[in-house]
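Asker: Have a look at this one before I ask anything.
The values are calculated or read from the model by the stated rules, or taken from the named source; none is laboratory data. These figures come from a predicted structure and were not determined experimentally. Note that each Cβ is placed from the backbone with ideal geometry, even for glycine, and that neighbours are counted across all protein chains shown.
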Amino acid sequence: MLGNPDYPTYQVFLSIGIAAVISLVLMPLFIRLMRREGVGQQIRADGPQGHLVKQGTPTMGGVVILLSMVLTCFIMARWTPDLILCVLATIATALLGLLDDIESVAHRRSLGLTPSQKMIGLILIAVIFCLAAVNVCGIAPVILFPGGFSVDLGFLSTTISIGDGQLTIPWVYLIFVFLLMAGMSNAVNLTDGLDGLSGGCTLVVMLAMAMVAFRYDEINLAVFAASIAGSLVGYLWYNCFPATIFMGDTGSLALGAAFAALAVLTKTEVISLIMGGLFIVEALSVIIQVASFKLTGKRVFLMAPIHHHFEKLGWSETKVVTRFWIVAAAFAMIGFALYFQLG
């Protein structure tokens with residue numbers, strides 16, 4: 001470990017720089033590899049017509065984002081149970097996204113795995129993560145609210161004896177963690193529709209989560225969040241408009257899972273919903289659009305997710321992305337401020 005525990009702030013900031021350099025160096029090599037192999041993004045036919053020119057742009061850049069994060073953690077962090085669990089949950093979700101990307105590229109269509117296949121994968125990952133968090137990392141099945149209010153979701157638990165040990169299954173908290181992890185993964189995935197949008201929004205959120213983990217006295221988790229932020233700096237260099245690489249589901253699903261995992265391990269599950277408010281808005285816009293069309297036959301937005309709505313209003317892609325970054329940063333700052341009001 002390169003980081004000096006006596007200077008944790010230095011350790012976290014240096015992690016951002018190291019991850020950014022690794023990502024900046026590896027990304028162009030990965031882009032050339034994807035071009036040589038003919039691995040390109042499949043653009044949805046019913047999306048904005050201006051996006052059709054992006055067809056075939058190299059994808060699966062999430063591989064480099066996560067590789068940069070893992071290498072940085074090896075250099076800068078101690079591999080505590082919390083960090084190992086966070087990294088494993090992120091990688092597992094990335095593998096699910098990778099399967100989705102491969103399926104999409106292989107069949108030359110914008111859809112990869114079926115929704116049920118994705119959901120089964122997310123259920124397995126969330127359940128294993130939650131059980132490990134509670135039984136290995138000692139995370140209490142309690143959610144905290146600003147103002148000192150808390151709710152114990154461990155009231156309905158089952159304890160199973162396994163050898164000399166015990167396995168506690170907090171059923172209600174298990175469902176809550178699944179909803180959080182699956183919801184965030186899909187929300188970040190839905191946000192990944194414009195050049196630089198998802199990467200930039202996740203970057204500011206991860207910086208906020210690094211500060212939360214630092215305040216929570218989990219320096220290794222702070223390094224984890226900081227290394228993701230740094231990796232996204234390198235990714236955005238090539239993903240800014242006009243993008244030469246997309247992260248794919250490999251990146252978007254994994255980043256959402258990483259965010260949820262950090263929220264659970266720092267006991268900021270509720271606060272994370274505020275910090276990631278932009279992602280929640282994107283997901284809600286799709287839910288509202290689908291529900292409205294099925295119930296009334298009318299659409300609320302010109303197109304969902306909501307970033308496409310603003311494109312349809314005439315905003316340029318860069319204007320939408322820049323303003324959404326600002327909104328994402330505002331949500332992250334509000335969430336971080338409310339973090340100090342937790343019980």
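Asker: Pick out the one residue from Val105, Val53, Val25, Val39 that is at pLDDT 95 or above and of a type in the set (Val, Ile, Thr).
Answerer: Val25
Asker: Provide a single number: the residues in the stretch 225-273 that are in a loop (DSSP other than H, G, I, E, B) and either among the small types (Gly, Ala, Ser) or out of contact with any Ser or Thr (no Cβ under 8 Å at 6 or more places or on another chain) (or both).
Answerer: Here the count works out to 6.
Asker: In the set Ser227, Ser231, which member is in contact with a Cys (Cβ under 7 Å, 6 or more places away or on another chain) and of a type in the set (Ser, Thr, Tyr)?
Answerer: Ser227
Asker: Mind checking which residues of the stretch 137-158 are in a loop (DSSP other than H, G, I, E, B) and among the hydrophobic types (A, V, I, L, M, F, W, C)?
Answerer: Cys137, Ile139, Ala140, Phe145, Phe149, Leu153, Phe155, Leu156
Asker: Restricting attention to the stretch 278-318, and to residues there that are touching a residue at least 24 places away in the same chain (Cβ under 8 Å) and surrounded by fewer than 15 Cβ atoms within 10 Å (Cβ to Cβ), which single residue is farthest from the chain's Cα centre (by Cα)?
Answerer: Lys312
Asker: Would you check if Phe214 is of a type in the set (A, V, I, L, M, F, W, C), assigned to a helix (DSSP H, G or I) and under 17 Å from Ile139 (Cβ atoms)?
Answerer: It is false that Phe214 is of a type in the set (A, V, I, L, M, F, W, C), assigned to a helix (DSSP H, G or I) and under 17 Å from Ile139 (Cβ atoms).
Here is a yes/no grid of residues against (1) at pLDDT below 95; (2) at negative phi; (3) surrounded by fewer than 17 Cβ atoms within 10 Å (Cβ to Cβ); (4) charged (D, E, K, R):
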position	(1), (2), (3), (4)
Pro115	yes, yes, yes, no
Ile123	no, yes, yes, no
Val134	no, yes, no, no
Pro170	no, yes, no, no
Met184	no, yes, no, no
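Asker: Okay, moving on. As an exercise: evaluate Glu218 against (1) in contact (Cβ under 8 Å) with a residue 40 or more places away in the chain; (2) more than 23 Å from Ile334 (Cβ to Cβ); (3) surrounded by fewer than 24 Cβ atoms within 10 Å (Cβ to Cβ) and give the number of the one condition it does not meet.
Answerer: (2)
Asker: On to the next question. Does Leu284 qualify as being at negative phi, modelled with pLDDT under 95, in a helix (DSSP H, G or I) and of a type in the set (A, V, I, L, M)?
Answerer: No, not satisfied.
Asker: Continuing with the same structure: Taking the options Thr159, Thr93, name whichever one is surrounded by fewer than 23 Cβ atoms within 10 Å (Cβ to Cβ) and not aliphatic (A, V, I, L, M).
Answerer: The unique qualifying residue is Thr159.
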